[in-house]
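Peer 1: Pasting a structure here, questions to come.
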Amino acid sequence: MKLRGQSVWPVILVCLMAWFGAISTSNAQDTPPTWINIYGNVTTGAGQPVPTGTLVEAVTPSGSVCGSFVVTTVGKYGVLPCSIRDASTPNGAVGGDIISLRVGGQPAAPTLKLPNTISMGNVFSIDLVVGSGPSEIPEPVTITLFGAGLVGLASYLRIRRRR
């Protein structure tokens, strides 16, 4: 093959060598991170769905955040990408890790136990509950407390009238 009287093979060969050389000498930091995907429903302890704009975070056992997602549909999160540990993401998750999830900065239950072998694009569905919700006081206790308050108020007023 000739171009204006010169052979183009040396140019093609140099380009191929440069291209293959760039591929073989690229370091691990140039590789894109790999991840797993987590999604599901998310509610409060009172059974109410969390509102849009709530931040859901996946946290590794070392305390590093390996992924996050902002809720865009009431009561649902994901797909939340959680980085897998490699040379470009040293704080990512590894197989066998127990991933904790936080919703709005509060711990959520349950946690996610990763299988020992994980690979790019694994998908995990987990429904989360955050917080314990308002505690309910049983009705008999409420009536007893109210009655004790009335007895105390009556005693106070009686003592005050005697003086």
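Peer 1: Can you pull out every residue in segment 50-76 that is among the charged types (D, E, K, R) and under 22 Å from GLY95 (Cβ atoms)?
Peer 2: Listed by number, the list holds a single entry, GLU57.
Peer 1: Could you identify the single residue in VAL123, VAL94 that is surrounded by fewer than 18 Cβ atoms within 10 Å (Cβ to Cβ), β-branched (Val, Ile, Thr) and closer than 16 Å to THR60 by Cβ? Show your work before the answer.
Peer 2: Working: VAL123 fails: closer than 16 Å to THR60 by Cβ.
The conditions single out VAL94.
Peer 1: Separate question: If you take the residues of segment 97-110 that are assigned to a loop (DSSP other than H, G, I, E, B) and touching a Ser or Thr at 6+ places or on another chain (Cβ under 9 Å), which of them is surrounded by the fewest Cβ atoms within 10 Å (Cβ to Cβ)?
Peer 2: Checked segment 97-110; the qualifying residue surrounded by the fewest Cβ atoms within 10 Å (Cβ to Cβ) is GLY104.
Peer 1: Just to verify a result, which residue in segment 66-91, among those that are at pLDDT below 90 and farther than 18 Å from VAL123 by Cβ, is surrounded by the most Cβ atoms within 10 Å (Cβ to Cβ)?
Peer 2: The qualifying residue surrounded by the most Cβ atoms within 10 Å (Cβ to Cβ) is ARG85.
Peer 1: Answer yes or no: is there a residue in segment 140-159 that is at pLDDT below 85 and within 30 Å of PRO51 (Cα to Cα).
Peer 2: Looking through segment 140-159, none of the residues is at pLDDT below 85 and within 30 Å of PRO51 (Cα to Cα).
The values are calculated or read from the model by the stated rules, or taken from the named source; none is laboratory data. Model, not experiment: these values are computed from the prediction. Cβ sites come from the backbone with ideal geometry, for glycine too, and all protein chains shown count toward neighbours.
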